1. At 222 nm, what value in deg cm²/dmol follows for the chain if DSSP H runs of at least 4 each add -39500 (n - 2.57) and the sum is divided by all its residues, to the nearest 500?
2. Report the extension gain between I55 and I180 in nm, rounded to one decimal, defined as 0.36 nm multiplied by the number of residues separating them, less their alpha carbon distance.
3. Put +1 on the Cβ of every Lys and Arg and -1 on every Asp and Glu Cβ in region 2-289; which of S145, F72, F51 then has its Cα farthest towards the positive end of the dipole?
4. Any idea what the relative contact order of the chain is, in percent, if you count C-alpha pairs under 8 Å spaced at least 6 apart?
5. What size of dipole, in debye to the nearest 20, comes out for the chain about its Cα centre when the only charges are +1 on Lys and Arg C-beta atoms and -1 on Asp and Glu C-beta atoms?
6. To check my understanding: the extent here is largest minus smallest coordinate of the Cα atoms along each principal axis. What are those three numbers for region 65-203, in Å, largest first?
7. Farthest toward the dipole's positive end in the chain, which of G224, L100, S125, given Cβ charges of +1 (Lys, Arg) and -1 (Asp, Glu) about the Cα centre?
8. Write down Rg/Rh for region 2-289, rounded to two decimals, with Rg from the C-alpha atoms and Rh from the Kirkwood relation over Cα pairs.
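Where a number appears in this text, it was derived from the coordinates with a stated rule and is not lab data. Bear in mind the structure is a predicted one, so any value in this text is a computation, not a measurement. Ideal geometry is used to build each Cβ from the backbone, glycine not excepted, and the neighbour counts take in all protein chains shown.
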Amino acid sequence: MALTDMVPGISGSTIALVLGFYQKLLTSIKNIEFKSLFKFEFKNFIKSFDFTFFIPLMSGMIFSFLVFSKLFSFFLSDESFRSNFLSFFLGAVFSCIYFLLKEIKIDFYNFLLMLLGCIISLSISYFSVGEISLSFNFEIKLIISGFIAIFAMLLPGISGSLIFVMLGVYPIVINALSNISNLESLKILACLAIGIFFGLLVFPKIILFFLKKYYFLVLSFLIGLMFGSIYALWPFWIYKKNVFANKTFLVAAKFKFPEIFSLEFFLAFSFLILGFFIFFKLKQKILKKT
């Protein structure tokens, strides 16, 4: 589940839904007595945990974050690797959109919510791409990113990592996870954790309500968000280099489109097709088992 949430466009909650523990996940989170923390009633807080459910789940998530974050960070640090990496996951997003579209009937209200989701996603992506700096405002942005990302992580169909991509913090988050002993990385992760904590206070009950009452409208909105995220996952950019927390990052500076017959375009297109095909086949196998 953690591995899929590290992949832009692939939802860990979708895996939970397919494997049959999605409802259990939301209910278990909803039942945690977060209010007890504010009252310093730590015994009640601990008692509200379903340890038989959360310990195996969290163990697997921590392992995935620690292992795969280093690999993802490596791919994002080189221009050619980065283009192919983004192309692969752009293909995965197209695959997810295809299967989600098959679940809904396109009527006026579904189309309207899809359009709204697309506009919101495009707007966020457009104003966030290329933004990276160490400041108080950026720390606030990380908290907000964590708050919104946990909402996405709890929804089938869209991943928290896609939200990080849209908000322009994905490379920083991945690098922080891969260098967790670094003080600056801990600061970044702490900001995210604050946002995630408050998101967990708010979203599980809301999601359970809306998925129960307005499932297809929620799905339409998610599809729109994924369509709009295509800009953030666009693989071709002219990059500039920024140093952040003693680490050099590639930052998107200018949108570009390569020559169609160039090697760069051929490789990126090949990875896009590969990403679409792999996740298409994976989804088909999952559907056969359900």
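1. That comes out to -24000 deg cm²/dmol.
2. 42.9 nm
3. Of the listed residues, the answer is F51.
4. Once normalised by length, the contact order is 31 percent.
5. Once rounded to the nearest 20, the dipole reads 660 debye.
6. Principal-axis extents of region 65-203 (Cα, largest first): 51, 37, 27 Å.
7. Farthest towards the positive end: L100.
8. On the way: Rg = 19.0 Å, Rh = 19.8 Å.
Rounded to two decimals, Rg over Rh is 0.96.
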